[in-house]
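One structure below.
Computed from the coordinates by the stated procedures, all read-outs in this text should not be read as laboratory data. Computed from a prediction, not measured in an experiment: that's the story for all the values here. Because the Cβ atoms are built from the backbone with ideal geometry, glycine has one as well, and the counts that use them run over all protein chains shown.
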Amino acid sequence: MKIVLIALILVLTGCSSTQHSKQHISNPAYSDTMEIVRSAAEAAPDGVEGEYILNIKATGSQGPFVYLNTELDYRDQRSVSVSIHPSVITQFEAKYGSHPQQFFLNKSISVTGQAKRITISFNSQGKPTGKYYYQTHIRVMDISQIKVLSKHA
């Protein structure tokens, strides 16, 4: 009876350590954008500090700012936008000889900063309509906050 009990304990212990190993191995290499969006929404109006690893699928600009987006449509609620301040664009061009809008497209990046929920208002004929939606932004104010990890397809 003791042998059966000891064997059962060893089998159960082996199963639990195997499950733990599988969970550790299966951790994703990239930040979960939906988790970033959810965390930023829960922390609003504050943001969530962190280091985020993102795949950049699209880029754009508005005024002097450059935006790096994790979805092809920046309005997609799953998208996280990295907002690059104009002074960083100047730093970046001086250091790499390329504009960030082209340089970061289709690359995996690491960005350190605060993921924050931003309210985007709809305008009609230059006037607010009272309608809005949310985006999640990570603002880059210094070139040290962002780096390329790899190129992806």
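Summing +1 for each Lys or Arg and -1 for each Asp or Glu, what net charge is found among the other residues whose Cβ lies under 11 Å from the Cβ of Leu105?
So the environment of Leu105 carries a net charge of +3.
Taking all pairs of different Cα atoms in segment 29-151, averaging 1/r and flipping that mean, what Kirkwood radius in angstroms comes out?
Roughly 14.7 Å, rounded to one decimal.
In nm, give the distance between the simple-model label positions of Ser98 and Arg38, each being 7 Å from the Cα along the Cα-to-Cβ direction.
Label at Ser98, label at Arg38, 3.4 nm between them.
Exposure proxy check: Ile53, Ile118 ranked by fewest other beta carbons within 10 Å?
Ordered from fewest to most neighbouring Cβ atoms within 10 Å, Ile53, Ile118 come out as Ile53, Ile118.
Using label points projected 7 Å from each Cα along Cα→Cβ, tell me how many nm separate Thr119 and Leu105, to one decimal.
3.4 nm
Calculate the spin-label point distance for Thr112 paired with Thr129, positioning each point 7 Å from the Cα along the beta-carbon direction, and give it in nanometres.
Reported label-point gap for Thr129 and Thr112 is 4.1 nm.
Calculated FRET efficiency, Asp76 and Ser144, Cβ-Cβ r, R0 25 Å, to nearest 0.05?
0.30
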